[in-house]
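Shown next, in structure tokens, is the structure this report addresses.
Only the coordinates and a few stated rules stand behind these numbers; no lab work does. All values reported here derive from a predicted model rather than from experimental measurement. Neighbour counts are summed over all protein chains in view; Cβ atoms, including those assigned to glycine, are modelled from backbone coordinates with ideal geometry.
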């Protein structure tokens, strides 16, 4: 068994080192060509802004590296050096009922990880994001958000764990199917109630005060066969200057949310292009396709997990004295992170295909390649997005195509239809 444990340890290190190598490759690529303005951004970006993009990318990468090193040392120490066995034995010594034992086991780990992550979160919000002019959050608001998010997460986690372990008790041979079904229904339920119950706990939603924009949005959605319940403005500027827009809802009735930062920085035609992209995801049924694919994979994974958890292989492999179900689940989750690694580029590739399809739909719906390009340019500038990601890094880590690639495709669409799209779009510095 010790030989297998060494193989697992080496495999995990390989996954980590490969990820770090990709980060190094990306930074080296940025250092080599990061000072060159892409043709798609000619006239829209200058040397000082390119320098800020490079600095922001480098600082975030270094911060992510330090955070990752800390987290992974913690994980490896906990699993391989004995603390897991001690912690598991302590849970057993409490002599609690099965469901309660599971709750205590996972909730304590959740709270410990949350506390350990606080210094990193504070540094990112108040050092990195503030120094680059993004974060507007106050310490008091940050603390309130932390308390709310931890409380909500703990309640939801306790609910899922309790029901999951109850299903295991009630149906020892078919719990994998019942848990999969429950998680599917629960996930859809959270998607439905989150905009009405959870999100308002953190942000204020008010009707958009730009009547022309609201009328244009409703007309566009009507053409797409989508009924809009409300068009809201969210006070994102209370926390950040980053921009975004999204719509939620199950079925044809949607609730559209625009960040106030987006409304402030973009013209109506640009906002319509951004929303048309989201409409493209809905019309192309990307969410449904992803849901079917992810749930299909989840069903296979949970059945395999069921078979593995029936035996004591994981307990013997990690030298755990008390063979509890909870410790097996924890170890299995760790092994799952290794097994799932090779699938990351495939999943990101499929996601990028969906994004390209949504871009094409947006262009066909609005007929405004210039508006789409202008929106992408502004989003990239406002968020200091890396314009020069290494192709290998993007393949493994980007769920969206690099912005330069997206703009190039939109220009190709415009040429195919005869639209004269200026090289510089419509955004201004």
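Using per-residue counts of other Cβ atoms within 10 Å, averaged over each peptide, order 101-109, 143-151, 345-353 from highest down.
Numbers: 101-109: 17.8, 143-151: 13.2, 345-353: 14.8.
Output ranking for 101-109, 143-151, 345-353: 101-109, 345-353, 143-151.
Antiparallel as a % of all DSSP beta bridges within the chain, to the nearest 5?
Of the beta bridges lying entirely in the chain, close to 55 percent run antiparallel.
Kirkwood hydrodynamic radius (Cα pairs, Å) of the stretch 56-211?
On the way: mean 1/r = 0.0522 Å⁻¹.
With all distinct Cα pairs of the stretch 56-211 included, I get 19.1 Å.
Compute the normalised compactness of the stretch 203-362: alpha-carbon radius of gyration over 2.2 N^0.38 Å, N being the residue count. Kindly include the intermediate steps, with their values, before the conclusion.
Numbers: Rg = 22.0 Å, N = 160, 2.2 N^0.38 = 15.1 Å.
So the stretch 203-362 has a normalised radius of gyration of 1.45.
Modelled label-to-label distance, residue 216 and residue 6, 7 Å Cα→beta-carbon offset: nm?
Result: 6.6 nm between the two label points.
Take every Cα-Cα distance within the stretch 50-108, group them into 5 Å bins from 0 onward, and report for each bin the whole-number percent of pairs it holds.
The percentages, shortest bin first, are 4, 15, 15, 14, 11, 10, 9, 7, 6, 5, 3, 1.
In degrees between 0 and 90, to the nearest 10, how far off the longest principal axis of the chain does helix 175-193 point, with axes built from Cα atoms?
It is inclined by approximately 30 degrees.
For the stretch 139-161 and the stretch 1-65, write down the distance between their C-alpha centroids in whole Å.
Between the Cα centres of the stretch 139-161 and the stretch 1-65 lies a distance of 31 Å.
Between the stretch 167-194 and the stretch 226-300, what is the C-alpha centre distance in whole Å?
The two parts, judged by their Cα centres, are 26 Å apart.
If I fit a long axis through the Cα atoms of helix 83-93 and take the longest principal axis of the Cα atoms of the chain, what angle between them do I get, 0 to 90°, rounded to 10?
60 degrees
Got the relative contact order for the chain handy, in percent, Cα pairs under 8 Å and 6 or more residues apart? Kindly include the intermediate steps, with their values, before the conclusion.
Numbers: 399 pairs, mean separation 99.4, N = 429.
It comes to 23 percent, rounded to a whole number.
What is the spread of the Cα atoms of the stretch 1-146 along each of their three principal axes, largest first, in whole Å?
69, 46, 21
Taking 0.36 nm per intervening residue step and subtracting the Cα-Cα distance, what contour gain separates residue 183 from residue 58 on full extension? Let's see the in-between values first.
Values: separation 125, 0.36 × 125 = 45.00 nm, distance 3.82 nm.
Extending this stretch completely gives an extra 41.2 nm.
With n ≥ 4 as the cut-off for DSSP H runs, can you work out [θ] at 222 nm for the chain, using -39500 (n - 2.57) per run divided by the number of residues, rounded to the nearest 500? Walk me through the numbers on the way to the answer.
Details: 16 runs with 292 residues, N = 429.
Roughly -23000 deg cm²/dmol at 222 nm, from the helical runs in the chain.
Write down the radius of gyration of the stretch 174-280 and its Dmax, each obtained from C-alpha positions, in Å.
For the stretch 174-280, the Cα radius of gyration and maximum Cα-Cα distance read 16.0, 55 Å.
What is the distance, in nm, between label points placed 7 Å from the Cα along the Cα-to-Cβ direction at residue 116 and at residue 131?
The two pseudo-label positions are separated by 2.5 nm.
Specify, per residue and in Å³, the volume enclosed by the convex hull of the alpha carbon atoms belonging to the stretch 203-265. Show your work: numbers first, answer last.
Values: hull volume 5.1 nm³, N = 63.
Per residue, the Cα convex hull of the stretch 203-265 comes to 81 Å³.
Specify the angular offset, from 0 to 90 degrees and rounded to the nearest 10, of the alpha carbon long axis of helix 139-170 from the longest principal axis of the alpha carbons in the chain.
With both axes taken from Cα atoms, the answer is about 50 degrees.
Which three lengths, in whole Å and largest first, does the chain cover when its Cα atoms are put on their principal axes?
70, 48, 45
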